[in-house]
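Enquirer: Dumping the structure here so I can ask a few things about it.
What follows draws every value from the coordinates through simple rules; no lab data is involved. Quick caveat: nothing in here was measured; it's all calculated off a predicted structure. Neighbour counts are summed over all protein chains in view; Cβ atoms, including those assigned to glycine, are modelled from backbone coordinates with ideal geometry.
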Ligand code: M6R
């Protein structure tokens, strides 16, 4: 939520920053802005800033005009930039970042929770505010410290003094017109990474900000400040005491963060799903046993588990719903799946023998992070399933299983979702193995079946043209319903979420058995209903119940679009449109059945003329509660 970039080095900062913002735009696109500290700032005493409401293209358009009028205006080798997902204040030019006061400029991700009190305090000193944002208190506060008191005239000391007054979650970058060559940055509960180049140093909300320049990065911890110059970086705590950073090498390249010939990242990411599943499985079955990544939980810890909670948001939550079927079936442990945003506020019963599985692509989602913190305060063990190395959620967890989907840029989760579903199966099998609820050969058989899934996912991609045709036909619909049973139910929820977020269409997913308890009243002539059929080779009762549900809605005029296993005669008979997927073990079917629904949502969105990668009002990672 909000993308932040910073640069100090030897190149013109503006180009580096704007290019980095392009890669950060998926984190927020309500407005964008840049600040450069160069000769012009030295002359005027004010950092050179441009910012615009709307997508990055509005900012780059404004910059072209600025530079045409005054080619040297943005000269300088220190700069920073911001793409905003608005929390406080409408997405206007005025509320866009950077915010400026005196010689300072600030960009911010997060929420400054005590901003109202600080604003009142500063107003009492005569400070006049220009925006409706919480962020502006940070820049007014640092300026206040710079002009008065013991920190007067000291850029870094003023920044520390201001930071110590702030509550909430924030990544903040400070620059000052009189101090080119330095950026002071801080993070608390929102992300910030440092990129270390040759004579240049970068800051980014994530490594995509600087991947084209360096693959050497440094992870910051909670409540840390980093001061960067062209020559390197210094990490401290908020009191200024030096702290170690965690250097790491980025293990993917620029190509992974590019569209690779596709119109949208999402379309590329859908196609990358076989690899995402395959890579997530890699190395997790060794010597006939399931092994997790950073398993800081012993087999005894896993044996002691008497209850599993899965906490997550959005698509990650849906992946958790799939996991519940597998975990309960394989381990006979009770497993509850909770929306992370609800979990900690309802006083869940947790203890040392509770395993909390926190699923998050970004590893930054504030709701999930707070759920993890709550679980650990209650002494529960936390296992993170995460797609981002070293993100806050895995850092604060007892164990980690990384999904290896690679960077997911499209706001709608696709390959990360399939990778989460895959990783969750591994968690279930690891528990079953440790607890002895499955014999080693049974675990091995399940794993072999999982290993066969990437090739089947590849085959499902062939449903693309059929889904595209259907999408064009149904793009004008007002409502589309999704039905499923068993593991098909979370798939229905996921299909509906994709359509809502991308095509802004009313879509609801239902457990098919619930239909008669209310939702069937929605069925009217011609209403499209997408049905996820369970395998006819699985539990016969499930399959026949869903056939009955199809007949019930058809009798009331619904148009049935049925996703069914190849060879499912009953589904073929009752479907107005039949989408066939390969046969797979029932528990693993979500890895296949979800894919046509992703393609469908992306195609409906395109047919309706929407930006598939940047749906309105959304951002890739939600770092505020
Ligand atoms: O990064 P996370 O996995 O924690 O994100 C959770 C949700 O915000 C995310 O899955 C969201 O629902 C997606 N946009 C759905 O496509």
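Enquirer: For an R0 of 22 angstrom, estimate the FRET efficiency from the Cβ-Cβ distance between residue 479 and residue 516 and round to the nearest 0.05.
Expert: Result of the calculation: an efficiency of 0.75.
Enquirer: Distance in nm between label sites at residue 583 and residue 43, each 7 Å beyond Cα in the beta-carbon direction?
Expert: The answer from the label model is 7.7 nm.
Enquirer: Note the angle between two axes, namely the Cα long axis of helix 415-435 and the longest principal axis of the Cα atoms of the chain, as a number of degrees from 0 to 90, rounded to the nearest 10.
Expert: Its long axis makes an angle of about 70 degrees.
Enquirer: So, one more: Counting only C-alpha contacts under 8 Å and six or more residues apart, can you give the relative contact order of the range 4-110 as a whole percent? Show your work: numbers first, answer last.
Expert: Details: 238 pairs, mean separation 39.9, N = 107.
Contact order relative to length: 37 percent.
Enquirer: What number in nm² do you get for the chain if you take the convex hull of its Cα atoms and divide its surface by four?
Expert: Its average projected convex-hull area is 28.2 nm².
Enquirer: Report the full-extension gain for the segment residue 252 to residue 504: residue separation times 0.36 nm, less the Cα-Cα distance, to one decimal in nm.
Expert: Computed gain between residue 252 and residue 504 is 87.4 nm.
Enquirer: Fewest to most neighbouring Cβ within 10 Å: what's the order for 545, 324, 516?
Expert: Fewest-to-most Cβ neighbours within 10 Å comes out as 516, 545, 324.
Enquirer: Taking the Cβ-Cβ separation of residue 555 and residue 452 as r and a Förster radius of 45 Å, what is the calculated FRET efficiency to the nearest 0.05? Kindly include the intermediate steps, with their values, before the conclusion.
Expert: Working: r = 38 Å, r/R0 = 0.85.
Using R0 = 45 Å, I get an efficiency of 0.75.
Enquirer: Also: Once every DSSP H run of n ≥ 4 in the chain is given -39500 (n - 2.57) and the sum is divided by its residues, what mean residue ellipticity at 222 nm do you get, rounded to the nearest 500 deg cm²/dmol?
Expert: Calculated mean residue ellipticity at 222 nm is -11000 deg cm²/dmol.
Enquirer: Could you tell me how far the Cα centroid of the range 40-88 sits from the Cα centroid of the range 204-245, in Å?
Expert: Centre-to-centre distance over Cα atoms comes out at 24 Å.
Enquirer: Quote the relative contact order of the chain in percent (integer), defining contacts as alpha-carbon pairs under 8 Å separated by 6+ residues.
Expert: Reported as a whole number, the value is 12 percent.
Enquirer: Can you pull the one-decimal nm distance between simple spin-label points at residue 469 and residue 72, each 7 Å off the Cα toward Cβ?
Expert: Taking the simple label geometry, residue 469 and residue 72 are separated by 6.4 nm.
Enquirer: Between the range 583-625 and the range 533-560, what is the separation of their alpha carbon centroids in Å?
Expert: 24 Å
Enquirer: Arranged from highest to lowest average of other beta-carbon atoms within 10 Å per residue, in what order do the peptides 400-409, 213-222, 190-199 appear?
Expert: Highest-to-lowest ranking by the protection proxy: 400-409, 190-199, 213-222.
Enquirer: Hey, another quick one. At 0.36 nm per residue, and after removing the present C-alpha to C-alpha distance, how many nm does the segment from residue 342 to residue 229 gain when stretched out fully?
Expert: This chain segment gains 36.5 nm when fully extended.
Enquirer: Okay, moving on. Could you list 473, 364, 524, 396 in order of exposure, starting from the residue whose Cβ has the fewest other Cβ atoms within 10 Å?
Expert: By the 10 Å Cβ count, ascending, the order reads 524, 473, 396, 364.
Enquirer: Here's something else I'd like to know. Between residue 150 and residue 212, take the C-beta separation as r, use R0 = 35 Å, and let me know the FRET efficiency to the nearest 0.05.
Expert: 0.25
Enquirer: Another one. Among the DSSP beta bridges whose two residues both lie in the chain, what percent are antiparallel, rounded to the nearest 5?
Expert: DSSP beta bridges in the chain are roughly 60 percent antiparallel.
Enquirer: So how much slack lies between residue 572 and residue 241, counting 0.36 nm per residue of separation and subtracting their Cα-Cα distance, in nm? Could you put the intermediate results ahead of the total?
Expert: Values: separation 331, 0.36 × 331 = 119.16 nm, distance 6.83 nm.
Additional length available on full extension: 112.3 nm.
Enquirer: Here is a follow-up. Spin-label point model (7 Å from Cα, Cβ direction): what's the residue 459 to residue 88 distance in nm?
Expert: Rounded to a tenth, the inter-label distance reads 5.5 nm.
Enquirer: Output the relative contact order of the range 517-625, whole-number percent, from Cα pairs under 8 angstrom with separation of 6+ residues.
Expert: Rounded, it is 22 percent for the range 517-625.
Enquirer: Would you list 377, 342, 494 from fewest to most Cβ contacts within 10 Å?
Expert: Lowest count first: 377, 342, 494.
Enquirer: Next question, about the same structure. Against the longest alpha carbon principal axis of the chain, how many degrees, from 0 to 90 and to the nearest 10, is the axis of helix 540-555 turned?
Expert: On a 0 to 90 degree scale, this one is about 80.
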